[in-house]
There are 2 protein chains.
Amino acid sequence: MQKQSLTKPDGRRLWLYARDQMPEAGAIPSPLGSEHDAASRHAHLRWHPLRGEWVAYATHRQQRTFLPPAEFNPLAPTKDSRTPTELPAGSYDVAVFENRFPTFSAHPDSPPSAIVDTAPAAGAAEVVVFTQDQTASLGGLPLWHIELLLQVWRDRYIDLGSRDDVKYVLVFENRGVEVGVTLHHPHGQIYAYPFVPPVAARELEQQQTYYAEHRRGLLQSIVEAECRDGRRIILDERRAVAFMPVFARYAYEVWIAPMDPIPSLAQMDDSTCAALARALKGTLLKYDGLWERPFPYVMVFHQAPTDGAPHPEAHLHIEFYPAYRMPGRLKYLAGSELGAGVFTADTLPEEKAAELRGVDVSALVNA
Amino acid sequence: MQKQSLTKPDGRRLWLYARDQMPEAGAIPSPLGSEHDAASRHAHLRWHPLRGEWVAYATHRQQRTFLPPAEFNPLAPTKDSRTPTELPAGSYDVAVFENRFPTFSAHPDSPPSAIVDTAPAAGAAEVVVFTQDQTASLGGLPLWHIELLLQVWRDRYIDLGSRDDVKYVLVFENRGVEVGVTLHHPHGQIYAYPFVPPVAARELEQQQTYYAEHRRGLLQSIVEAECRDGRRIILDERRAVAFMPVFARYAYEVWIAPMDPIPSLAQMDDSTCAALARALKGTLLKYDGLWERPFPYVMVFHQAPTDGAPHPEAHLHIEFYPAYRMPGRLKYLAGSELGAGVFTADTLPEEKAAELRGVDVSALVNA
């Protein structure tokens, strides 16, 4: 993997990655020119004492005045220096840059005082551009490119995680207008939080309890039980497996996990990376093949916090939360889900797993 | 309050409520005729070991074959016995009946075995029809009618809560196609769970910790601090207050709470009921007045569990999760919210509270 670490004229960081040698990047563009976007520093956190969680406020985000014309794509390589995008021309395969409208940033202002605790919105918010091709999709990229992307995520996890103010790194992709996406160029995001967020904290607590009792990982035991049961396995790539967990909350929820219980991307070796890439590509092709249309979802990586403590209980995995429960029927989160935290599914994982397994993508995975 | 407890020909329970005397109900209809819907009993729970929560599966819900023609409204009083709705003709003001497609029910089947723990989906799922008028809205009902509805919710909370298999009663309304509603007749729902659900459990745990330390309620302290601060108060009805909490997760999130820290609706006296009704009606009219269109939301009541233990830490309140963050712009829950549990708001509660406070509904509240 080749990498260039760069700085935009407005002060934001930019990283270019390529499989092969890449020439030194030329002029580094920014739609902001050389102006710093100071507003981002007004973001702050407030403590929700009843839920026991932080809420992030970043009011500049609503003031996004930059409404590009339809033909202008800020995630494409810059073609004309008079209309700079976020990225230079050049021969990179994957690019990462600091979000122009970050909720979390490295040098946040002091928070205002309030009737509850407040804190600076320290951390990072980065955009990961998967490819230069705006018509591509993550699942449609060749295996080598998905492997490279996994290495990029690994690189950002390690780099962000090494910061004292970063306790958890969340790699995710929101895909489709159904989950709020407005830029269709294939991309994901990374949030680095100054605390271990509540969903991760809860999962780790459950995993710690299990680990203390059994001296092995909870997810490892689940993955092994899923493999023995077999009914919910989507793809078995030996070093990694894609499955619909027996306790899936969404109709088409798929998890991808390495068989070895590695805590994070930092411990991913080449053969695990190759297996994860195959499981990821296969799952995504099945999603898109299911109804022969792009399948909208939220994809998140769960892994060990970067809080300095060892996390033998953590087991890297990817979770997909698909937007639809049937063709044309969205899954709405409403009273029970939002007000109580109880998901109600009107399908069984066994049936939906069989549906996805039946989508034949074997010829495409190696393409 | 007048009440009639009835049973439908298919075995489901029905309760009619009225402010004034009501004649004995005539024939009790059901769109099912006298056929029992046995499929509902196949619902079951599976344990999500990583999140440490139950997930409910009710596969009959997706097989809803009953697609009424647009002019047929199952929540209206039956006019023609050849096309029975869920409700009889008659002079009731509010009606409650057991959902035809319940996720939770009183006599669930034994759950299937699985590689995780499973449990019967014991409990209840009820539909609360707010009025006979299908063109009405909750906020448009007269104050006496909203007070009656609060008494109905109280009655169902006490009745369901007295069951050994019910540990928590969730009163809620999903309003608007934006949160998945398909029947537009004004109605809400009640779920009775056989466990204390995770959001309630988390809130109660936080409240217990505070109560143990301060010998007073956490929400009581918050409400008092909000009243002193004043910037986020929407309506002050003396015995009850509507406010946007300083830690609001949604742009237009409003909470309504009685000033006295009563644990549940069971402890609501008449003057508190009157104040809650005024705060509820005023908030809803402000919502609908804000953009001069029906304002979609999820409304949930949080109160004490019905698990037999005393809950001095609990403090009854209503939470609204509005679907929009700006006119025409939905708040999407995506990577950070769903994958980490971290809400990112791009507005400040102080500004949004001022907006709502500025919607003048004083003439309408007493109408």
Ignoring GluC sites (Glu not before Pro) that are buried or in helix or strand per DSSP, and keeping those with at most 13 other beta carbon atoms within 10 Å, what is the longest stretch of chain A between them? A:72-291
State the Cα centre-to-centre distance between segment A:90-115 and segment B:296-367 in whole Å. 27
How compact is segment A:137-221 by the rule of thumb for globular proteins, expressed as Cα Rg over 2.2 N^0.38 Å? 1.36
If we hang a label 7 Å off Cα along the beta carbon direction at B:Ala136, how far is it from the matching labels on the other copies, in nm, shortest first? 5.9
Can you give the convex hull volume per residue for the Cα atoms of segment A:122-275, as a whole number of Å³? 142
Distances in nm between the label point of B:Leu6 (7 Å along Cα→Cβ) and its equivalents in the other copies, shortest first, are 7.3
So what is the 222 nm mean residue ellipticity for the protein assembly as shown from helices alone, if each DSSP H run of at least 4 adds -39500 (n - 2.57) and you divide by all residues, rounding to the nearest 500 deg cm²/dmol? -7000 deg cm²/dmol
What residue in chain B has the Cβ closest to the axis turning B into A, and how close is it in whole Å? B:Leu333, 3
Residue farthest toward the positive end of the dipole of the protein assembly as shown, with Cβ of Lys/Arg at +1 and Asp/Glu at -1: which of A:Ile262, A:Phe104, B:Gly90? B:Gly90
So what does log10 I(q)/I(0) come out to for the protein assembly as shown at q = 0.06, 0.11 Å⁻¹, using the Debye formula with one equal point on every Cα and no solvent? -0.37, -1.25
Dipole-positive endmost among A:Thr118, A:Val129, A:Ala56 within segment A:2-197 (Cβ charges, Cα centre): A:Thr118
Just to be sure I understand the curve: with the Debye formula and one point per C-alpha of segment B:2-196, what is log10 I(q)/I(0) at q = 0.08, 0.18 Å⁻¹? -0.27, -1.35
Relative to the other copies, what are the label-point distances for A:Glu205, with labels 7 Å from Cα along the C-beta vector, expressed in nm at one decimal and sorted shortest first? 0.2
Run the reach check for A:Lys286 against lysines, Cα to Cα strictly under 28 Å, same-chain hits fewer than 8 apart removed. What comes back? A:Lys331, A:Lys352
For peptide B:96-109, what's the mean number of Cβ atoms from other chains within 10 Å of each residue's Cβ? 1
Convex hull over the Cα atoms of chain A, averaged projected area in nm²? 19.0
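Once you have the Cα-Cα distance between B:Asp20 and B:Ser362, take 0.36 nm times their residue separation minus that, and quote the gain in nm to one decimal. Let's see the in-between values first.
Working: separation 342, 0.36 × 342 = 123.12 nm, distance 2.72 nm.
Length difference between fully extended and current span is 120.4 nm.
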Filtered hits (lysines, Cα-Cα < 29 Å from B:Lys3, offset >= 8 within chain) -> B:Lys79, B:Lys167, B:Lys281
Based on Cα positions only, what radius of gyration and what Dmax would you give for segment A:199-365, in angstroms? 16.0, 45
Report relative contact order for chain A in percent, whole number only (criteria: Cα-Cα under 8 Å, sequence separation at least 6). 15
Output for segment A:223-323: chymotrypsin sites (Phe, Trp or Tyr not before Pro) sitting in coil per DSSP, at most 16 other Cβ within 10 Å, listed by number, reads A:Trp291
Peptide B:42-50, shielding by other chains (average Cβ, 10 Å cutoff): 6
Using a Gaussian network model on chain B with a 10 Å cutoff between Cα atoms, which of B:Val129, B:Val298, B:Val179 fluctuates the most? B:Val179
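Quick note: the coordinates plus some simple rules give every number you see, no bench work behind them. Given the structure is predicted, the values throughout are model-derived calculations rather than measurements. Please note: Cβ atoms are built from the backbone with ideal geometry, for glycine as well, and neighbour counts cover all protein chains shown.
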